[in-house]
Every structure is written in C-alpha cells, then in structure tokens.
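Read the structure below first, then the notes.
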Amino acid sequence: MSDAQASDRDWKPSGNPWAIAVVVTLAAFMEVLDTTIVNVALPHIAGSLSASYDEATWALTSYLVANSIVLPISAFLGRVFGRKRYFVICIIAFTLCSFLCGIATSLPQLIIFRVAQGFFGGGLQPNQQSIILDTFPPSQRGRAFSLTALATVVAPVLGPTLGGYITDSFSWRWVFFINIPVGTLTAFAVIALVEDPPWLKKSKVSIDYIGISLITLTFATFQIMLDRGEDADWFASTTIRTFAALAAIGAAGAIGWLLYAPKPVVDIRVLKDRNFALGCCAISIFAMVLYGSAVLVPQLAQQHLGYTATLSGLILSPGAFGIIFLIPVVGFLMTRLQTRYLLMTGFVLMGCGLLYSRNIAPNIDFTHLVLLRAAQAAPLAFLFVPSSVLAYQTIPQQLQGDATALFTMFRNVAGSVGISVSTALITSRTQVHMAYLSSHLSRSNADFTMSLSQLTSAIRNFSFTAGDAAQTALGRTYQTLIAQASLLAYPDVFLYCAVLALLFAPFTLLFSPIKKALGTGAGH
C-alpha cells in the first residue's frame, strides 16, 4: 500500500465527528421538513395569492420536480464544486430561496422560487449521508445513522403538525421564514466544522451532458405524472400518458447511457453490490409506507371526521416521539444482534401495525387514531438505520458519493410513488365499495325501505312537504353511502401496505450477515 493510500485510509476530520453529524443532519432536517410542511398551507397560499387550489399545488410539484432531478447527480455536483463548498452553497441558496418564497406576491413568483429551492435542497440529503459515511468508521455508523434518522423519519411526520400550527397561528409565509435562522446557523457551523477528505480533493471531473439531460427528462416527467395524475384521472388523460411515455423513454435511455459511458454523471454500477441493491429496495418500501400512510391518516381525519389541519397533524406527533425513543434502542440492539434480523423484525412489525390500522369505524375517536398511527410509526425505527448500515457496509470508498445519491433518490421517488398510489387506491376502492353497497339500496330490500321511511318521517317533522322530505331522505342516504364507502377504502389500502411489508421481510435474509460488536469494526 502506498503512503498516499495509507494516508487516505487513516484520515479523520479535525472537528468532533458528532458535532459534524449534528450540523449536517440539521441541514437535511430543514430540507425534508420543507417537503411536507407546505402541504398543509396550500389552501391558504391559494387564497392569499388569488389562485385556485389546483394551481397552488404547482408550488409543491415544482419543488419535487427540481428536487428529484438534482438527487441522482448530487455526487457529481459535489465533485465539480468540492463537496463541502457545494453543501454550503446548497444551504445558503436554500435559505435565500425560502426567504424569497415567503415574500412572493404572486403564484408564478412562488413557483419560480420553489423550483430554485428544490434545486438546491436536492443536494442536502445525499451529501449529508456522504459526509457522515466519511466522518465515521464502519463500527460507529449505526449510531451516526440513528441521528440522521431524525431528519429522514421524524421530519416528514412532524411536517404536517408544524405546518398546521404555523399556518393557523401566524401566516403561511412563516412556513418558509422558519428556515432562515436554521439555515444561517447551519451554514456557519458547516463552514467551521466540515472538511473534505483527501481522496475527494484529488478527483478530476468531466461533465456528462447526455447523462444529465436524460436524468432531467426522466425525473421531471415522472414527478409531474405522479403529482398531477390523480387530478387528471391518470392514464385516461392524454397528458399523463405522454409524460409516462417520456419518463419511460428517458429512463431506458439513461440506464443504457450510464452503463455505456466511461465517466457517467452517476455510476449506477454500484447497484451490482448485493447489499446496496437490497438496501435500495428496503428503503423504497420503507418510504412508500412512511409517506403514503402519513398522507392517509390526516386525510381520514380531515375529510371524514371533521378535524382541523392542526388537530389532524397532532395525530401524527406521538408516533414521531415514539420513533425518537426507539431509535437509540435499535442502535443498542445492533451491537448485539445481526442487523438483517432487526431489519426483518421492522418489516414484520410494520405489517402487523398496518393490519391493526384496519380497525377503523365512523365513530373512531382521537385516542384510537393516535394509537393507530403509533402502531404504524413505531416499526419505522427498526427500518431506516439497519437498512442504511447494511446498504453502505460493502460499498468501496470511491463509490460512496454515488451510492448516497442513488440511495436518497430511491427513497424520495418511492415516497412520491407511495403518496400517489395510496391516494389513487382510496379513490378506486371507494368506487368499488360504492358499487357493492348500492346494490342493497333498492325498494326490494326491506331494511332499506324501512330506513328510508323512518328518515322521511323524521325529516317531515321539520316542516318539509312530503315530496321534499322524500327527496331529502334519498339525498341523506346517498351522502351516507359515500361516507361509508370512503371509510371502507382505508382498511383496504392499509391491508395492501401490510402485505407489501410482510412479503419483503424474508428477503432481508439475503443481506450479508453483518453483526456489529461492541468496540470493534464490522465483521462479515
């Protein structure tokens, strides 16, 4: 081994590793929080900027599109500018764009600033993980990733709660202004503490224009398809079919080019590593369930139980605190047990929690909703840290930047897929249940005839004429039909998520049997 290689291997940052982990995680927490905190504020944004709700959703779509484009090429951008310099640029620009979003006076202005915010925010998560991988030896990465889990797991859960409180108590503009002090302090802390390792300073970069173009085409069209599909009736819309075709063409071209190019913008050959490929699958399922269920529970509370945005967000908060409590426990167990067993346990517990979530009734109260969400959220603590440790355990040092970019990309894209698929399934299952329940609403059904007659008599007592009372009773019955059908759709979607989690659980045994022992490095 040469002196240079030995020096690279023995390199350690001069600052405290845990201080570095805290500041880079704070930057990622700010960005992840911003992906969910704005959702609650969209109706207020629409009203304030004289736009429809559908138009206001472009403030979210534009951010996700820019974010998804940057994620896979973030390692490349880090090599071009220097990872620390790029990370600081992203933090400062993200903070500045947050200020500009907060002072926007029209929807086009807000959308432009959100595109810029998403572009710079996309570089935060992958580089945060890359910095942590280089800062900590393999024997300490489990504890380090326990800290990063606060950004990845807790932030999406707290987002709707915090967004609802800020919007109801102050103004939607403070959803963006809240990033300014956090971003400013984080930028100064990163400048003071974070260093680039020597092997990054030696790298020479060539720009892969074709790869960047194909990745941009793929993720821009795919993200727009996911975000607008529900409103456009999915593949019944020519626009959605066009975006889907462009995304498929772009993905096929990108994969072919990235495998062919001698110096691709992102090296997808890293997926040949079995642990990393399985880790990407695990984090994708984790993200689909995390983001999908985080949308469904508040939607159930607001649309069917009449909860406010703040109250529906509070349903998610106890689950977030449960995750915070369990993450250190998982970190301790990783020093005693094989990591893949903990990961399998997490998927089994997730499946069981989602099966428990099927116990929904029209009169469900706040306490039971909190318990339902806590049963879904608690297993997440067993998933993120073990899957991250297993995914990166066998990745060569020179490929860690590309690996973190791809890992984060899979997580974010899968989260978008989870949100879109779960909301689409609610719609389709509602229609199925309506078709089934409506078959009982006929004059030949004695129970229906009796109920309709009793309801008509009750309404007539409020001074309606006979004809009006009958029509009103039918209208009320139809409203009840829709409400019951919609409510029955949620247990179906929770069941599908549970089946997905339980089916993947056995595949966790395909990971290399890595066990982390106290005070030692990782062994195989």
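The values are calculated or read from the model by the stated rules, or taken from the named source; none is laboratory data. Since this is a predicted model, take the numbers as computed values, not measurements. Here the Cβ is made from the backbone with ideal geometry for all residues, glycine too, and neighbour counts use every protein chain on show.
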Restricting attention to the range 341-360, does a residue exist that is touching a residue at least 12 places away in the same chain (Cβ under 8 Å), more than 30 Å from Gln484 (Cβ to Cβ), hydrophobic (A, V, I, L, M, F, W, C) and assigned to a loop (DSSP other than H, G, I, E, B)? no
Given the criterion closer than 20 Å to Ser74 by Cα, at pLDDT below 90, part of a helix (DSSP H, G or I) and not polar (S, T, N, Q), identify the matching residue among Leu133, Leu162. Leu133
Residues being surrounded by fewer than 23 Cβ atoms within 10 Å (Cβ to Cβ) and in a helix (DSSP H, G or I): count how many of those fall in the range 81-94. 8
Every residue in the range 378-394 that is within 11 Å of Gly142 (Cβ to Cβ) and not in a helix (DSSP H, G or I), please. Gln393
Which number in (1) without any contact (Cβ under 8 Å) to a residue 40 or more places away in the chain; (2) of a type in the set (A, V, I, L, M); (3) more than 26 Å from Leu77 (Cβ to Cβ) marks the one condition that Leu217 misses? (3)
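Run down Gly292, Gly306, Gly313 and say which single residue is outside the structural domain of Arg143 (by TED's automatic domain parsing), touching a Gly at 6+ places or on another chain (Cβ under 8 Å) and either within 22 Å of Thr167 (Cβ to Cβ) or aromatic (Phe, Trp, Tyr) (or both). Spell out how you get there, then give the answer.
On the way: Gly292 fails: either within 22 Å of Thr167 (Cβ to Cβ) or aromatic (Phe, Trp, Tyr) (or both); Gly306 fails: touching a Gly at 6+ places or on another chain (Cβ under 8 Å).
When all the criteria are applied, what remains is Gly313.
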Just a yes or no: is a residue in the range 241-260 over 20 Å from the mean Cα position of the chain (by Cα) and not in a helix (DSSP H, G or I)? no
Qualifying residue in the range 440-449 (condition: basic (Lys, Arg) and either in contact (Cβ under 8 Å) with a residue 40 or more places away in the chain or assigned to a helix (DSSP H, G or I) (or both)): no
Of Ala248, Ala301, Ala261, Ala254, which residue is surrounded by fewer than 17 Cβ atoms within 10 Å (Cβ to Cβ) and in contact (Cβ under 8 Å) with a residue 24 or more places away in the chain? Ala261
Suppose the filter is part of a helix (DSSP H, G or I) and modelled with pLDDT under 85; does Leu316 pass it? yes
Here the residues within the range 213-240 that are farther than 16 Å from Trp58 by Cβ and assigned to a helix (DSSP H, G or I) are Ser213, Leu214, Ile215, Thr216, Leu217, Thr218, Phe219, Phe222, Trp234, Phe235, Ala236, Thr238
Is it true that some residue in the range 370-377 is modelled with pLDDT under 85 and either closer than 26 Å to Tyr86 by Cβ or surrounded by fewer than 24 Cβ atoms within 10 Å (Cβ to Cβ) (or both)? no
Is it true that Val32 is assigned by TED's automatic domain parsing to the domain that holds Gly164, in contact (Cβ under 8 Å) with a residue 12 or more places away in the chain, aliphatic (A, V, I, L, M) and under 30 Å from Asp231 (Cα atoms)? yes
Across the range 120-161, the tally of residues that are more than 13 Å from Val32 (Cα to Cα) and not aliphatic (A, V, I, L, M) stands at 16
